[in-house]
1. Given a 1.4 Å probe and the protein chains all in place, what does the accessible area of Ile231 round to, in Å² to the nearest 10?
2. If contacts are Cα pairs under 8 angstrom and at least 6 residues apart, what is the relative contact order of the chain in percent?
3. Given points 7 Å out from each Cα along the Cα-Cβ axis, report the Leu320 to Leu146 separation in nanometres with one decimal.
4. Taking amide H positions as placed in the peptide plane 1.01 Å from N, state which residues far from Gly208 in sequence (5 or more) or on other chains have amide H under 5 Å from it.
5. Would you mind calculating the gained length between Ile231 and Phe380 on full extension (0.36 nm times residue separation, minus the Cα-Cα distance), in nm to one decimal?
6. Using only the Cα atoms of the range 143-288, build the gyration tensor, take square roots of its eigenvalues as a ≥ b ≥ c, and label the shape rounded, prolate or oblate: rounded if a/c is under 1.5, else prolate if a/b is larger than b/c, else oblate.
7. Where only protein heavy atoms count, and the probe is 1.4 Å, what is the accessible area per residue for the range 268-410 in Å²?
8. Which of rounded, prolate or oblate describes the range 297-362 when judged by the alpha-carbon gyration tensor and an a/c cut-off of 1.5?
Amino acid sequence: MERVIQTPRDCSSLSAYFHIVCAVAGTGTLGLPYAMAQGGWISVVFFFVAAAMSTYTAKLLIECLYYKPGERLVEFPDIGEAAFGLPGRYFTKVFHSSVSLSCGCIYILLTGRNTSTVLDDFSINPMNKTLWILLAGVVITLVFSLLKTMKEVAFLSAFGTIATLVCVIIVVILGGTKFSEIGATSPTELFNMSDFPMAVATIAFSYGGNVVYPHVEATMRNPKAWNKTVICAMASITVMYVSIACSGYLYYGIGTKSPIMDSLPRKDVLTYIAYVFITLHVAFAAPVYLCSFCLEQERWLKIDRAFMSAPQEFAYRFALRGSLGAILTLIAMYVPYFSSLCGIFGAVSNCIVVFLVPVTCHYKLCDTSKRPYWHHGACFLIVAAGLFGLGFGGHSAVLDLLKSIAEADA
């Protein structure tokens, strides 16, 4: 009988909480004030709607893992296979992997870019932007190559969460100070019909993080606390999102820029501190996404002590993760318009992975005949939101790519 790699359940619920917050609340946080500017004040309602939907799909996703009594599926693509056979596995794996890899790659890119930008402003930059991206890729690759499991990267998630919180606080303080001195720099609107769909799409996939959930839940000492952990994490994320979105829009109005850092006072020490902390967040979040992806590949390749000696396991794991990190770093360094391409992958893959897959697989695998009527209504709204975000988010991302190409050719 083939042995299955078992994940030790030795992580606390607090570690799982930090993993979720770090994976979900990333650099997208800085674009939410602009989303408010697109849709108007009414958009704030959709932060709570999106949070509720994402929390519920996280619950449904984990229920799918346990659809057979006494057994647990291991990873996200297993759910697709259990529900729809091999086509379901390959479909799920493509979009699941694209989220993990594109997030890891864009975080390498942003770590290098942000570091170079801050040093440029102080005129102490000894390297160009490409070399900083290379250095960021080397450091991030070493970290997630040496840290094997989600438990071992838990401290990175904790620091990443704190870094995002500090960045939110700084944006609120800087904007509030400017508002108290000179008032709003631009008017606000209650509702902006023309750009409202884009605002909703942006808010919807700012709650993406499902790709790491199966691995996070697999490490919890008390898996029954999963639902409470997700609720606490999503509540914390929503508080940060609403705080930065509302304050940024209040202070800078319809002239709010994306990211919000571009609206903050230049040459202000707090602005640079915010840059540093958001850079730390993306540097800490990258190993979380990449570790989650590599754990699935290592299971498939049987890179584990159950099948080989400790030195062999370390060598194979280091070679696999090092090769992946090198490829992603080269892509971040040399592929043109990579940020815009990642926007397309994010818009499409996040909506499929976060909203569509958990609901459709749950209906295929689990008995829903005794569920209350509100459950079916909620699932219908979640699928509708996923399709809505897929259409408008993808459209916005394609326009952004075309804009980047036009600016480069000008």
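1. The accessible area of Ile231 comes to roughly 100 Å².
2. Values: 618 pairs, mean separation 143.6, N = 410.
Answer for the chain is 35 percent.
3. About 2.1 nm, to one decimal.
4. Answer set, sorted by chain and number: none.
5. Working: separation 149, 0.36 × 149 = 53.64 nm, distance 2.08 nm.
Full extension of this stretch gives 51.6 nm more.
6. Numbers: a/c = 2.56, a/b = 1.67, b/c = 1.53.
Cα axes put the range 143-288 in the prolate bin.
7. On the way: 6780 Å² over 143 residues.
Per-residue accessible area for the range 268-410 comes out at 47 Å².
8. Working: a/c = 6.16, a/b = 1.36, b/c = 4.53.
Because a/c hits 1.5 or more and a/b fails to exceed b/c, the range 297-362 counts as oblate.
The values are calculated or read from the model by the stated rules, or taken from the named source; none is laboratory data. Bear in mind the structure is a predicted one, so any value in this text is a computation, not a measurement. Using ideal geometry, Cβ is built from the backbone for each residue, glycine included, and neighbour counts are taken over all protein chains shown. Just so you know, the surface numbers come from the protein's heavy atoms only, side chains and all, with ligands and any DNA or RNA stripped out. Shrake-Rupley method; radii C 1.70, N 1.55, O 1.52, S 1.80 Å.
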